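Undergrad: This is the structure I want to talk about, given as structure tokens.
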Amino acid sequence: MQERIDQWNELYPDETVTLIELSAEADQQRQSLINNAQTQSDAYDVISIDLVWVAEFAANQWVVPLPADELKGDDIIESVWETGMYRDTLYAMPFVTDSSIMFYRKDFLEEAGVEVPTTWDEVKSAIDAVRALPGHETIGGFGGQFAKYEGLTCCASEFINTAGGSFYDDEATSPSTPRRPSPAYRF
């Protein structure tokens, strides 16, 4: 981000931009931005908001509409573009798409003679194989965002969906009987 700001400031020295860093925690970022908006502070001209905050910020008029026809490009995925919309009006311009990714220790897998896992069954087998190695008996095997905030919801959703489950049925309504992903592993 700072590199982009530096480029802007070099091109437009009369419109200098200063980065104001907020907490690394999403909940605290949101609260800081809400406090700023409710007190009508002019501390920020441009803010970065999470896609799940767009409707709240737009409904409360804490953000202003953007000129969608001037900003839409062919290189933006439609579903990502729509995350910035509220009641058919653009309030947030997507600039990054988050995606799930799994990192692994190549050296541990090679030492255990295991290929890179691509399914949950293979992840469990790889963890068991690494734990069977001397000195790795107590290795955790898997980590994620499990604090009590949106990261937990994201991780839980990823686990449920990749195991064939869903929070919603095909009509986007919550099923009356929750589906259970199988098999369930504790890592």
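Undergrad: Of everything in the range 66-84, what is under 17 Å from S48 (Cβ atoms), in contact with a helix residue (DSSP H, G or I) (Cβ under 9 Å, 6 or more places away or on another chain) and not in a helix (DSSP H, G or I)? Give them in sequence order.
TA: Within the range 66-84, T83, G84 meet the criteria.
Undergrad: Can you pull out the residues in the range 27-65 that are part of a helix (DSSP H, G or I), surrounded by fewer than 13 Cβ atoms within 10 Å (Cβ to Cβ) and more than 19 Å from the chain's Cα centre (by Cα)?
TA: N35, Q38, A59, listed by residue number.
Undergrad: Filter the range 1-26 down to the residues that are of a type in the set (S, T, N, Q), assigned to a loop (DSSP other than H, G, I, E, B) and exposed (fewer than 11 other Cβ atoms within 10 Å of the Cβ) and list them by number. Don't jump to the end; show me each part of the working.
TA: To start, the set of residues in the range 1-26 that are of a type in the set (S, T, N, Q) comprises 2, 7, 9, 16, 18, 23.
In the following step, the residues that additionally are assigned to a loop (DSSP other than H, G, I, E, B) were identified as 16, 18, 23.
Within the range 1-26, T16, T18 qualify.
Undergrad: If the Cβ limit is 6 Å and pairs must be 6+ apart or interchain, which residue in the range 13-37 that is closer than 24 Å to A147 by Cβ and in the same structural domain as Q145 (by TED's automatic domain parsing) pairs with which residue that is among the basic types (K, R) and modelled with pLDDT of 95 or more?
TA: Listed by first residue and then by second, the contacts come to nothing, as the list is empty.
Undergrad: Looking at the range 128-166 only, could you name the residues that are polar (S, T, N, Q), within 26 Å of Q28 (Cβ to Cβ) and out of contact with any helix residue (DSSP H, G or I) (no Cβ under 7 Å at 6 or more places or on another chain)?
TA: Answer for the range 128-166, where residues must be polar (S, T, N, Q), within 26 Å of Q28 (Cβ to Cβ) and out of contact with any helix residue (DSSP H, G or I) (no Cβ under 7 Å at 6 or more places or on another chain): T153, S157.
Undergrad: Quick one: which of V96, V123, V63 is of a type in the set (V, I, T), modelled with pLDDT of 95 or more and under 30 Å from A24 (Cα atoms)? Let's see the steps before the verdict.
TA: Values: V96 fails: modelled with pLDDT of 95 or more; V123 fails: modelled with pLDDT of 95 or more.
Result: V63 is the single residue among V96, V123, V63 that is of a type in the set (V, I, T), modelled with pLDDT of 95 or more and under 30 Å from A24 (Cα atoms).
The values are calculated or read from the model by the stated rules, or taken from the named source; none is laboratory data. Owing to the predicted nature of the structure, the values given are computational and were not obtained by experimental measurement. All Cβ positions, even for glycine, are placed from backbone atoms using ideal geometry, and neighbour counts span all protein chains on display.
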